[in-house]
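**Q** Just passing along the structure, written as structure tokens.
Values in this text are rule-based calculations from the coordinates and carry no lab data. These numbers come from a predicted model, not from an experiment. Glycine gets a Cβ as well: all are built from the backbone with ideal geometry, and neighbour counts include every protein chain shown.
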Amino acid sequence: NAMMKARSAREDDPFDIQDYISPKTEHEKARISEAIKASFLFQHITPSARELLFSVMEKVRVKEGDWVIRQGDEGDRFYIVDNGKFEVRIQDEEKVKNGTNVDGGRLVHTYNSGSSHPSFGELALMYSTPRAASIIAASPGQLWALHRNVFRKVLMKRSGRKELMHTLRKIDILKCLNVQQIQQVADCMTEVTFVKGETIIKQGEVGDSFYVMKTGNCQKVAKKMMGNNKLTLHENDYFGESALLISESRTFSVIAESDEVKCSTVDRATFESTVGKLNAIIAEDKRRRDERSSALSGAGPPLSALKK
Ligand code: 1OR
């Protein structure tokens with residue numbers, strides 16, 4: 001279909017980031033800095049990427065009643081709130097489709113410059129889906145906008161995303177996440193590099209990060225009363241995932257063995273701000289399973305018979 005074609009053509013388009021640059025004053029940089037402080041998307045970027053992002057942000061002034069985003073549209077920009085109040089509204093699909101969405105629909109959330117994640121419009125850019133909601137200014141205000149191309153290029157390190165998702169889906173404690181949640185986890189992970197001999201996690205120390213290996217080899221070593229347990233870890237192996245659930249001491253160390261080891265990593269706080277608390281997701285999943293199995297027991301054949 002035409003829309004898909006337009007989308008993939010644009011993705012392949014080479015673009016020159018210089019075309020987007022508009023210089024910022026120190027005062028403006030400070031304001032942007034303040035606005036992105038709480039956003040996980042910006043937490044692990046390098047100083048040079050940060051400078052680049054600052055220089056390409058566009059200042060957008062809005063009046064009360066302006067529609068910043070219209071539900072159902074294609075996404076072109078990501079927005080960070082500098083000041084003002086912005087309502088998130090969701091309309092019935094019918095009205096979105098036949099163009100009678102005049103009031104935006106049900107109010108589901110309000111962004112203020114003070115709220116903890118004052119940015120929006122990332123979903124359509126990350127997943128190439130239509131805008132999931134409308135955003136309407138409820139006061140005069142100002143936003144910082146990032147063009148879709150820059151957002152994807154600088155904030156989303158998508159290389160190896162498929163492999164990463166494949167690995168995440170194999171991990172026991174993540175089995176209850178749905179595909180969208182797995183995608184979100186993959187997208188919030190950042191790349192870290194270690195040199196030969198470097199300790200990535202240390203037995204006995206409390207850590208809150210989880211790792212998936214992208215390149216290189218590591219030694220996994222568990223010191224036991226009776227000698228050591230050793231294992232070599234390779235590309236796509238993972239470790240430290242229990243840190244996503246609870247704070248506890250690591251039961252083994254992992255040490256970089258090749259000259260350069262690249263891992264994707266995420267800490268518990270970022271994980272939770274992305275998909276929520278893993279404990280709660282697991283508990284909810286179990287509750288739903290129990291409900292289903294108790295609905296089935298005593299009424300008709302057992303689950304095993306139904307599957308055949
Ligand atoms: P987008 O690119 O889809 C609309 O454009 C934006 O509204 C969206 O990205 C999010 O950044 C933001 N559901 C969907 N989108 C939301 C929601 C939301 N809240 C903010 N946005 N909610 C679910 C309602 C059933 C509200 C959650 C509090």
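**Q** Once you've got the Cα coordinates, tell me which of Lys95/Lys170; Lys85/Lys286; Lys24/Lys63; Lys153/Lys220; Lys24/Lys202 are over 32 Å apart. Present the calculation step by step, with values, prior to reporting the outcome.
**A** Details: Lys95/Lys170 40 Å; Lys85/Lys286 39 Å; Lys24/Lys63 22 Å; Lys153/Lys220 34 Å; Lys24/Lys202 43 Å.
Flagged as over cut-off: Lys95/Lys170; Lys85/Lys286; Lys153/Lys220; Lys24/Lys202.
**Q** Taking the Cβ of Ile200 as the centre, find all other residues whose Cβ is under 14 Å away and add up their charges (Lys, Arg: +1; Asp, Glu: -1).
**A** On the way: positive: Lys196, Lys202, Lys214, Lys220, Arg250, Lys262; negative: Glu191, Glu198, Glu205, Asp208, Asp237, Glu241, Glu257, Glu260, Asp267.
Charge balance near Ile200 sits at -3.
**Q** If each residue's Cβ is checked for other Cβ atoms within 10 Å, how do Ser294, Ser139, Ser134 rank with the fewest at the top?
**A** The fewest-first ordering by Cβ neighbours comes to Ser294, Ser139, Ser134.
**Q** Through the Karplus equation 6.51 cos²θ - 1.76 cosθ + 1.60, θ set to phi - 60°, convert the phi angles of the stretch 166-173 into ³J(HN,Hα) values in whole Hz; use x for Gly and Pro.
**A** Here the 3J(HN,Hα) series is 4, 5, 4, 5, 7, 7, 3, 6 Hz.
**Q** I need the phi-derived Karplus couplings for the stretch 183-192: 6.51 cos²θ - 1.76 cosθ + 1.60, θ = phi - 60°, integer Hz, Gly and Pro marked x.
**A** 3J(HN,Hα) across the stretch 183-192, in whole Hz: 4, 5, 5, 4, 6, 8, 7, 10, 8, 10.
**Q** Could you tally the net charge around Asn101, taking each other residue with its Cβ under 13 Å from the Cβ of Asn101, Lys/Arg +1 and Asp/Glu -1? Present the calculation step by step, with values, prior to reporting the outcome.
**A** On the way: positive: Arg70, Arg89, Lys95, Lys97, Arg106, Arg131; negative: Asp73, Asp92, Glu93, Glu94, Asp103.
Cβ neighbours under 13 Å give a net charge of +1.
**Q** Would you list Arg61, Arg70 from fewest to most Cβ contacts within 10 Å? Could you put the intermediate results ahead of the total?
**A** Details: Arg61 12, Arg70 17.
Ranked by crowding around the Cβ, least crowded first: Arg61, Arg70.
**Q** Under unit Cβ charges (Lys, Arg +1; Asp, Glu -1), what dipole magnitude, rounded to 20 debye, does the chain have relative to its Cα centre?
**A** Details: 47 positive and 42 negative charges, 174 e Å.
Once rounded to the nearest 20, the dipole reads 840 debye.
**Q** A further question on this structure: Can you list which of the trypsin sites (Lys or Arg not before Pro) found in the stretch 126-205 are DSSP loop residues with at most 13 other C-beta atoms within 10 Å?
**A** Working: sites: Arg131, Arg148, Arg152, Lys153, Lys157, Arg158, Arg161, Lys162, Arg169, Lys170, Lys175, Lys196, Lys202; in loops: Arg131, Lys157, Arg158, Lys175, Lys196, Lys202.
Sites meeting the loop and neighbour criteria: Arg158, Lys175, Lys196.
**Q** For Gln71, which sequence-distant residues (separation of 5 or more, or a different chain) have an amide H within less than 5 Å of its own amide H, given hydrogens modelled in the peptide plane?
**A** For Gln71, whose amide H was placed from the backbone, the distant partners under 5 Å are Ser134, Ile135.
**Q** For Lys175, give me every one of the aspartates and glutamates with a C-alpha distance below 14 angstrom, ignoring sequence neighbours fewer than eight places off in its own chain.
**A** Excluding near neighbours in sequence, the set is Glu241, Glu284, Asp285.
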